[in-house]
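Asker: Quick one: the structure is below, and I'll ask about it shortly.
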Amino acid sequence: MATVAPTRPRAGRNSELGLLAIALAVGVAAYAIVGLNLDGAIPGDLVRHVGILIGLTVVLHLVMRWRAPNADPVMLPVVAGLNGLGLAMIFRIDQPLAARGLTSGFAERQLMWTILGIVLAIGVLVLLRDHRTLRRYPFLAMVAGLLLLCLPMVPFIGQTINGARLWINVAGFSFQPAEVAKILLAIFFAGYFVNRRDALTLAGNKLLGLNLPRFADLAPIVVVWLVSVGVLVLERDLGTSLLFFGLFVAMLYVATEKVSWIIIGLLLVGIGVVFAYSTFDYVAARFDVWLNALDSEIYNRDPGGSGQLVRGLFGLAAGGLMGTGLGLGHPDLVPYANSDFIVASLGEELGLTGLVAILMLYLVLAQRGLRAAIGVRDGFGKLLASGFAFVIAFQVFVVVGGVTRLIPLTGLTMPFMAAGGSSLIANWIIIAILLRISDAARRPAPAGAGSVVGNETALIALGDLAPEPPSASTPTTPPARQSAFGWDNDDPEPDTTSHSQTELIGHREEHPTNAVGHESDRAQDTGDIRGDVEVPRAGLDGPGGTERGTSEGVVGPARGTSTAPEQDSAEDGFGDDDNPTEVVKR
Amino acid sequence: MSELVVTLIRLGYLVLLWLLVLAAIGVLRRDISGTRVLARGSLTGRSAQAKAAPDGGAPPGRGSRGKRGAPTRLVVTAGPLNGTTLRLGENSILLGRAPSSTLVLDDDYSSTRHARIFPSEGGWYVEDLGSTNGTWLGTAQVEGPTPVPVGTPIRVGQTVIELRR
């Protein structure tokens with residue numbers, strides 16, 4: 001039996017600055033090397049090009065020192081590195097495109113979008129002081145998200161590119177509203193699940209050892225599935241459709257921690273894919289390309305041949321283990337080498353070694369998002385952070401899986417790297433919100449905070465631990481079933497940043513028996529876990545109903561013998577966590 | 001450029017890329033989980049140490065808390081959190097709208113860090129933390145640290161709390 005003791009994270013702003021220096025060096029060096037290898041000289045506009053990136057990320061770093069001093073120190077450098085490397089790669093692919101007289105100038109546009117993205121991220125960090133503000137308008141977020149999702153359907157402004165009707169074109173700028181919609185829908189899902197978590201967790205029938213949810217609770221997932229299929233039918237884009245449904249299922253799993261939801265979700269995806277494969281030619285063509293990419297008939301088919309995919313694979317093969325070197329390969333032979341196939345371009349010029357490093361950066365980014373989700377105390381923040389982390393990881397999986405022929409190719413973008421403004425802006429906003437949540441998650445306890453009283457008393461009650469000085473910096477927590485996502489009712493104090501000074505023993509008059517009732521249950525649990533101590537519980541079965549009618553006789557023995565469960569009595573309902581007037585145990 | 005230089009730049013860039021990855025992992029390694037897993041024995045070991053050396057000074061307020069007549073919990077009797085009960089430990093309780101407060105008040109009439117209730121010398125005291133609308137103990141406004149008798153209402157914004165035995 002082990003116990004879990006939290007450690008206190010450092011704010012890490014200086015580590016962030018150091019990492020940021022390396023990350024910017026990655027971007028600057030890539031830009032310089034491209035110039036050296038292509039023209040034999042460092043590009044003339046290097047200073048302007050990288051100066052903007054350096055200046056803006058440093059400003060963002062300073063804003064974080066000001067407004068989010070405890071935010072995660074790794075996210076910003078990782079994102080800056082990815083964005084810088086993506087810019088350099090887009091610039092590098094521009095050169096042969098321009099030489100062949102094709103549309104080029106993507107790097108300039110991408111730089112402009114980067115500026116806009118970072119400025120928006122700064123704006124989010126400055127204006128959004130508490131991520132829980134976002135929770136106020138879940139249905140507004142839903143309506144806005146769905147409207148944005150439907151926007152490309154509107155005649156005149158909607159635009160169809162390569163068969164997918166995902167873009168709108170306003171005043172010469174094309175934009176993918178779905179990218180912003182995914183932020184809004186993540187906010188809506190988080191607000192919705194936080195209220196519905198109790199019901200969705202309720203078990204229904206058991207099938208093959210799996211706790212199925214109740215039939216009535218299936219309605220929301222079916223609705224979202226229908227919306228996703230609608231996106232697939234009307235906008236003809238498999239990637240976006242999968243992203244929304246995947247986001248919903250992932251957040252549903254985080255909210256309920258029930259594997260059965262994932263299985264139900266996968267079944268629904270399976271049904272959707274079979275339906276799409278048999279109904280839509282373009283989906284069937286994607287599957288053909290995926291399964292029989294090297295058939296010469298399919299390779300030469302136009303449109304919808306596998307030429308792009310196979311040339312991407314040839315590029316990856318040419319790169320080998322160490323790559324051809326930036327600027328020395330031929331990634332431009334692949335259509336959309338700077339957006340959909342930027343992974344293949346990077347793999348060709350940086351090799352497997354470089355591509356794995358890039359994937360590691362994405363892994364770190366997603367991990368930091370999930371870590372913020374575990375650390376943050378409110379259910380909304382947990383769901384939102386894990387949803388965003390999932391979105392980033394899922395896009396990387398779908399894009400890299402598509403390019404490497406693990407799964408059929410779909411139309412998602414590589415976050416922060418692929419050329420495309422809407423995705424870049426949306427991802428910078430996502431990072432700003434994640435930074436805001438991680439700031440809340442890692443905020444140290446207020447001055448004068450001590451140890452978790454309830455946990456100590458638990459151990460004292462069980463005769464296992466003497467009182468510790470209240471100033472103990474690393475309180476111990478009793479062995480409890482740990483929730484993977486640190487939901488409060490399962491895991492009393494998963495995060496390190498704050499320690500309750502007093503314990504919540506009951507919330508509402510409507511549940512007057514909770515305090516004492518739970519105490520007796522949990523005392524037995526704890527006793528069972530510890531095994532060796534008989535817990536006297538006689539005093540607890542007394543007149544348990546009166547948390548307000550405070551008779552010494554009830555509370556006295558409870559405190560003297562088994563106050564163990566105090567910290568857990570919040571389990572009388574996740575509703576407590578949801579209530580806007582929530583009682584946060586600090 | 002010579003072949004050698006090109007190769008060196010190519011490999012050097014990969015080294016730089018991995019340096020970023022490893023440095024990032026180095027920074028996050030420390031709080032990758034945020035917790036340390038202790039063997040059960042080490043916990044009892046720590047408790048034995050705590051027994052042996054109770055940190056010099058007076059033992060923490062647990063003794064005083066056990067005294068008859070001392071309040072053991074804090075009850076919200078009016079306001080949005082009506083019915084909420086907090087068990088009093090030996091640490092102070094921060095009231096306010098800040099999410100870091102012990103009792104988070106969602107109340108436009110309370111300040112971010114509104115008031116503090118803390119134990120001292122066997123009794124509990126309330127102290128206003130410079131709030132906009134003030135803290136009231138019974139009918140008097142709280143100025144400095146004021147002893148809180150059991151059962152006396154403390155008003156913070158729309159919330160009324162009192163200490164109970």
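Asker: So is B:Arg113 open to solvent by 60 Å² or more (accessible area, probe 1.4 Å) and outside any strand (DSSP E or B) or not?
Answerer: So B:Arg113 fits the description; yes.
Asker: In addition: Restricting attention to helices (runs of 4 or more DSSP H) lying wholly within the stretch A:10-116, give those where 2 or more residues are of a type in the set (A, V, I, L, M, F, W, C), within 14 Å of chain B (Cβ to nearest Cβ) and open to solvent by less than 50 Å² (accessible area, probe 1.4 Å).
Answerer: Qualifying helices (runs of 4 or more DSSP H): A:13-39, A:75-99.
Asker: Limited to the stretch B:119-161, what total is found for residues that are buried (at least 21 other Cβ atoms within 10 Å of the Cβ) and within 19 Å of B:Val104 (Cβ to Cβ)?
Answerer: 9
Asker: Looking at the stretch A:410-425 only, could you name the residues that are touching a Lys or Arg at 6+ places or on another chain (Cβ under 8 Å), aliphatic (A, V, I, L, M) and surrounded by fewer than 24 Cβ atoms within 10 Å (Cβ to Cβ)?
Answerer: none
Asker: Given (1) within 14 Å of chain B (Cβ to nearest Cβ); (2) buried (at least 24 other Cβ atoms within 10 Å of the Cβ), where does A:Val398 come up short, assuming only one miss?
Answerer: (1)
Asker: When both residues are 6+ apart or on different chains and their Cβ atoms are under 6 Å apart, which pairs have a first residue that lies in the stretch A:182-201 and is polar (S, T, N, Q), and a second that is assigned to a helix (DSSP H, G or I)?
Answerer: A:Asn195/A:Asp578; A:Thr201/A:Thr256
Asker: Given the conditions (1) in contact (Cβ under 8 Å) with a residue 40 or more places away in the chain; (2) within 30 Å of A:Ala41 (Cα to Cα), report the number of the one that A:Tyr282 does not fulfil.
Answerer: All conditions are met except number (2).
Asker: Please work out which one of (1) part of a helix (DSSP H, G or I); (2) within 24 Å of A:Val399 (Cα to Cα); (3) at pLDDT 80 or above is the condition A:Ser228 fails and give its number.
Answerer: Checking A:Ser228 against (1) part of a helix (DSSP H, G or I); (2) within 24 Å of A:Val399 (Cα to Cα); (3) at pLDDT 80 or above, the one that fails is (3).
Asker: Here's a follow-up. Is the stretch A:210-219 home to any residue that is at pLDDT 85 or above and either open to solvent by 30 Å² or more (accessible area, probe 1.4 Å) or in contact with a Pro (Cβ under 7 Å, 6 or more places away or on another chain) (or both)?
Answerer: The initial filter retains those residues of the stretch A:210-219 that are at pLDDT 85 or above, namely none.
Taking every residue of the stretch A:210-219 in turn, none turns out to be at pLDDT 85 or above and either open to solvent by 30 Å² or more (accessible area, probe 1.4 Å) or in contact with a Pro (Cβ under 7 Å, 6 or more places away or on another chain) (or both).
Asker: Can you confirm whether A:Thr160 is under 13 Å from A:Asp237 (Cα atoms) and surrounded by fewer than 13 Cβ atoms within 10 Å (Cβ to Cβ)?
Answerer: Yes; evaluated as a whole, the condition is true for this residue.
One line per residue, one yes/no per condition, for (1) within 14 Å of another protein chain (Cβ to nearest Cβ); (2) open to solvent by 40 Å² or more (accessible area, probe 1.4 Å); (3) within 22 Å of the chain's Cα centre (by Cα); (4) not basic (Lys, Arg):
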{"position": "A:Gly325", "(1), (2), (3), (4)": "yes, no, no, yes"}
{"position": "A:Pro335", "(1), (2), (3), (4)": "no, yes, no, yes"}
{"position": "A:Phe341", "(1), (2), (3), (4)": "no, no, no, yes"}
{"position": "A:Leu363", "(1), (2), (3), (4)": "yes, yes, yes, yes"}
{"position": "A:Arg377", "(1), (2), (3), (4)": "yes, no, yes, no"}
{"position": "A:Gly402", "(1), (2), (3), (4)": "no, no, yes, yes"}
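Asker: Quick one: would you say A:Val119 is surrounded by 24 or more Cβ atoms within 10 Å (Cβ to Cβ) and not charged (D, E, K, R)?
Answerer: No; evaluated as a whole, the condition is false for this residue.
Asker: Report the residue count in the stretch A:302-315 for those that are under 30 Å from B:Leu16 (Cα atoms) and open to solvent by 40 Å² or more (accessible area, probe 1.4 Å).
Answerer: Residues that pass the stated criteria total 3.
Asker: Do the conditions hold for A:Leu355, that is, is it free of Cβ contacts under 8 Å to residues at least 60 places away in the same chain, among the aliphatic types (A, V, I, L, M) and closer than 24 Å to A:Val289 by Cα?
Answerer: yes
Asker: Has the stretch A:163-175 got at least one residue that is assigned to a helix (DSSP H, G or I) and either in contact with a His (Cβ under 9 Å, 6 or more places away or on another chain) or open to solvent by 50 Å² or more (accessible area, probe 1.4 Å) (or both)?
Answerer: no
Asker: Continuing with the same structure: If I ask for residues that are in a loop (DSSP other than H, G, I, E, B), within 19 Å of B:Asp128 (Cα to Cα) and more than 7 Å from chain A (Cβ to nearest Cβ), which ones from the stretch B:69-103 would you list?
Answerer: B:Gly79, B:Arg97, B:Ala98
Asker: For the stretch A:251-301: of the residues being open to solvent by less than 30 Å² (accessible area, probe 1.4 Å) and over 32 Å from the mean Cα position of the chain (by Cα), which is farthest from A:Arg214 (Cα to Cα)?
Answerer: A:Ile298
Asker: Check off (1) within 18 Å of A:Gly230 (Cα to Cα); (2) touching a helix residue (DSSP H, G or I) at 6+ places or on another chain (Cβ under 8 Å) for A:Pro155 and give me the number that stays unchecked.
Answerer: The number of the failed condition is (2).
Asker: For the stretch A:68-90, give me each residue that is among the β-branched types (Val, Ile, Thr) and under 23 Å from A:Arg442 (Cα atoms). Outline the logic, then answer.
Answerer: Narrowing the stretch A:68-90 to residues among the β-branched types (Val, Ile, Thr): A:74, A:78-79, A:90.
Result: A:Val74, A:Val78, A:Val79.
Residues checked against (1) surrounded by fewer than 19 Cβ atoms within 10 Å (Cβ to Cβ); (2) of a type in the set (S, T, N, Q); (3) closer than 30 Å to B:Ile161 by Cα; (4) at pLDDT below 85:
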| residue | (1), (2), (3), (4) |
| --- | --- |
| B:Leu8 | yes, no, no, no |
| B:Val21 | no, no, no, no |
| B:Arg36 | yes, no, no, yes |
| B:Ala39 | yes, no, no, yes |
| B:Arg68 | yes, no, yes, yes |
| B:Gly79 | no, no, yes, yes |
| B:Thr84 | no, yes, yes, yes |
| B:Gly89 | no, no, yes, yes |
| B:Ser92 | no, yes, yes, yes |
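The values are calculated or read from the model by the stated rules, or taken from the named source; none is laboratory data. Predicted model only: the values in this text are computed from it and were never measured. Backbone-built Cβ (ideal geometry, glycine too); neighbour counts: all protein chains shown. These accessible areas exclude ligands, DNA and RNA; they are computed on the full protein's heavy atoms, side chains included. Shrake-Rupley method; radii C 1.70, N 1.55, O 1.52, S 1.80 Å.
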